[in-house]
Amino acid sequence: MYLDAALQSGRANESFPAKQKTDNRLEGNTMNKNRLPRHIAIGIAAGVLVGWLCHHFAADAKAAKDIAAYFSMVTDIFLRMIKMIIAPLVFATLVGGIASLGSSRSVGRIGSRAMAWFISASLISLLIGMLLVNLFQPGAGMNLHLDHQGAVAAQVVNTGDFSLKVFVSHVFPRSIAEAMANNEILQIVVFSLFFGFALAGLKQAGFTRITSLVDELAKVMFKITDYVMAFAPIGVFAAIASAITTEGLGLLLDYGKLITEFYLGIAILWAVLFGAGYLFLGRSVFTLGKLIKEPILLAFSTASSESAYPKTMEALEKFGAPKRVSSFVLPLGYSFNLDGSMMYQSFAILFIAQAYNIELSFTQQLLILLTLMVTSKGMAGVARASVVVVAATLPMFNLPEAGLLLIIGIDQFLDMARTATNVVGNSIATAVVARAEQAHEAEEETLPTAPSVALARTPATAA
């Protein structure tokens, strides 16, 4: 008996170091993830300092651009690594989510709730931008006049055939390979919807091998995401350094009023979004805010929503949003729920009108907002999308395209704020829809029990 006890004690002691190593490894991974936001913040500060030094000591503007090109190369490499994981990650998570949802009715319910939130949030964002521009009048006093710069502005931003007709036809992919190669999120979503519904039907018939394969693909892509995110502080440093090297800190001072008022508007929009989230999520919305700190920093520093997508998915999963819901709603939000971009567009267009002393009536401003509601949807796949939308909207209301030159120079700094806001808006929207879906499922689980109890009592009553 004593021998058995000694052997068991020995096995326990042997297994303890292995368990301790596993715990230490998990703690190490958590610590590394917690360090990333701090490293990104350091990268931002270092980028500002190095960018200012390069701008200050550069011989001329051409030399500054040449130096910035090397920083941009590092940023491009990081963003390329991000883009290489977006398409398979969206496909795997969305298909897996739809396959686990099962019925098309639940997909329609989630989609309708998401779209209702997206449209409401977009309208509020546009209205906040309109109200602030009318209140602060950032373009008043510039007294600009129309000249030949209109043609130059048209060359700076090529709007192409940016119209509702082109957008609707562009939603449906000619080839899934082409859609993935170009990272066309909306086209990938459409294909994934068809694939997911087909897979859900096969799953009900007992074919589960492909479903397991898709789930494993999603896990692999999240692992690759961790590897790529290790380079995030370097990419952030290079992005900030490149912008400051080219433009210098003086640009921030020259446009300080416009930038300050825009960032104030962003802060108000954040307060509105978190307030709306509080109505549906309660105090847990602040927990969500802490969880998405890392993707917000990534989006802000790189001015790229794509860079924040994987980490946003991870944060929503930690928050408790079912992956089958978040993997469906979040990709939709990237095309239909760009709150920061919406506010920027109304802000920019009315600012340009004020700079050229063009009076717009309240009715005209409302028409501009309604136009932006339509033309901005699905713009995520367009490079410098918000500027493209502004460029496409200006001639519709006979506003000077030359006004684009006023904001092109500082667009990088405005883009950082609106991109981070897009992440906040999509995170809160996904969390709210997920909470509503969980409540609906809880109600459905309780409803069938009542009839079964009544049926069980019927024979006793008859007897």
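Any read-out appearing in this document is the output of simple, stated calculations on the displayed coordinates, not a laboratory observation. No experiment lies behind these values; they were computed from the predicted model shown. Ideal geometry is used to build each Cβ from the backbone, glycine not excepted, and the neighbour counts take in all protein chains shown.
Suppose the chain between I77 and F231 were pulled fully straight at 0.36 nm per residue; how much longer would it get relative to their current alpha carbon spacing?
On the way: separation 154, 0.36 × 154 = 55.44 nm, distance 1.00 nm.
Result for the pair: 54.4 nm of gain on full extension.
Strictly over 28 Å apart at the Cα level, which of K83/K293; K83/K290; K65/K311; K203/K293; K83/K257 would you flag in this model?
Over 28 Å apart, Cα to Cα: K65/K311; K203/K293; K83/K257.
Excluding I210 itself, what net charge comes from residues whose Cβ is under 11 Å from its Cβ, given Lys and Arg +1 and Asp and Glu -1?
Charge balance in the 11 Å sphere: 0.
Which value, to two decimals, describes the C-alpha radius of gyration of segment 37-441 once divided by 2.2 N^0.38 Å?
This ratio for segment 37-441 stands at 0.99.
Excluding D60 itself, calculate the net charge of residues whose Cβ lies under 15 Å from the Cβ of D60, where each Lys or Arg counts +1 and each Asp or Glu counts -1.
Cβ neighbours under 15 Å give a net charge of 0.
With no solvent and one point on each alpha carbon, what is the Debye value of log10 I(q)/I(0) for segment 193-246 at q = 0.16, 0.18, 0.22, 0.30 Å⁻¹?
Log10 of I(q)/I(0), two decimals: -0.64, -0.69, -0.83, -1.05.
Counting pairwise Cα distances across segment 321-370, what percent come out greater than 16 angstrom?
Of all Cα-Cα pairs in segment 321-370, 56 percent lie more than 16 Å apart.
Using the Cα centre as the reference, give the magnitude of the dipole from point charges on the C-beta atoms of segment 37-441 (Lys, Arg: +1; Asp, Glu: -1; all else neutral), rounded to the nearest 20 debye.
Taking the Cα centre of segment 37-441 as origin, the dipole is about 1280 debye.
When N counts the residues of segment 255-370, how does its alpha-carbon radius of gyration compare numerically with 2.2 N^0.38 Å, as a ratio?
1.26
Suppose every K and R has +1 on its Cβ and every D and E has -1 on its Cβ; what is the size of the dipole of segment 230-348 about the Cα centre, in Debye to the nearest 20?
Roughly 480 debye for segment 230-348.
Suppose each label sits 7 Å from its Cα in the direction of the beta carbon; what would the K293-R35 distance come out to in nanometres?
Between K293 and R35, the label points sit 1.7 nm apart.
Multiply the residue gap between L131 and K219 by 0.36 nm, knock off their C-alpha separation, and tell me the result in nm, one decimal place.
Residue separation times 0.36 nm, minus the Cα-Cα distance, leaves 27.2 nm.
Taking the Cβ of L316 as the centre, find all other residues whose Cβ is under 12 Å away and add up their charges (Lys, Arg: +1; Asp, Glu: -1).
+3
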